[in-house]
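Everything on this sheet refers to the single structure shown next.
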């Protein structure tokens, strides 16, 4: 959905860039340098939030050094490996910008596209996504990926070309009430792009991975299938669960009640011996009645739980160990090689 007219924007508005990192010691300094260069070349006011998701290498040592050297960089050190979704969530909750950009930390997302994300957001879109212009994964993975995207589009009602990419820009208000748990980052675009939200995609090229190996493979397909069911429930029934369990419960009660009534009428008025002729069928009808009562009861409890959950949203599902930022009054240093003292500290962290 395109905006009718571009709204006015503040050229000095803060842009938050959130990058979750796991064992990216070899790439984090290069990525930060590229992002800083792009943002400063275009004169953007920005903050770069680097989230260390419990890395086992020296990723946090590099992040803390970068944060100490550059006032635009903030480092978050999560106390354990929580996964990309909660890494992004931690960064989103720390972000202060009116525009929030999420990207991967493995150098496959080119920071050169950042100005285009910002331009489109300022043109009036609420969300801007980067869609792969080409997919070099091979025929089978491409087929599965295309099928998954079609299913996600149908289940969520959101017409996006590419759901799985982290590389997206959002107006901050879209992320305010989004609950990100599990692997919800895969479907974040579908979760926020509800009715009336203005969103657009533009083609980007995914760079080859320079360091390490990808964690994504065909073994993730089954997890995605399960996540699709959760997506459907989240999009349609998360805040009104009784509509799901209530309808199923009523159907179960009606079918079970009709069957039981039929058996009882046959037994009372036509002499049908239920115990001899329809024992399992009669028991099944009773199970349907009990199941319907259970579903209705569960739906009521789910409604109460949902109300309680949204009424008291003051708990975070992750723990931060450290928060690194540029000390007030400290001189900002250029991002060159890591100082010897910091390198020694990073080695000790490892």
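Coordinate-derived values only; no laboratory data. Since this is a predicted model, take the numbers as computed values, not measurements. Using ideal geometry, Cβ is built from the backbone for each residue, glycine included, and neighbour counts are taken over all protein chains shown.
Evaluate the distance, in nm, between pseudo-label points positioned 7 Å from the Cα of residue 211 and of residue 123 along their respective Cα→Cβ axes.
About 3.5 nm separates the two model spin labels.
Note the full-extension length gain between residue 277 and residue 13 as 0.36 nm times their separation in residues minus their Cα-Cα distance, in nm to one decimal. Numbers along the way, then the final one.
Working: separation 264, 0.36 × 264 = 95.04 nm, distance 7.66 nm.
Full extension from residue 277 to residue 13 adds 87.4 nm.
When averaged across all projection directions, what area in nm² does the alpha-carbon convex hull of segment 242-311 cover? Mind showing how you got there, number by number?
Values: hull surface 18.8 nm².
Over every viewing direction, the Cα hull of segment 242-311 projects on average to 4.7 nm².
Relative to the present Cα-Cα distance, how much length would full extension add between residue 269 and residue 56 at 0.36 nm per residue of separation? Intermediate values should be presented prior to the final figure.
Numbers: separation 213, 0.36 × 213 = 76.68 nm, distance 7.51 nm.
Using 0.36 nm per residue and subtracting the Cα-Cα distance, I get 69.2 nm.
Between residue 96 and residue 30, what FRET efficiency follows from the Cβ-Cβ distance if R0 is 35 Å, with the result rounded to 0.05?
Values: r = 25 Å, r/R0 = 0.72.
Once the sixth-power term is evaluated, E becomes 0.90.
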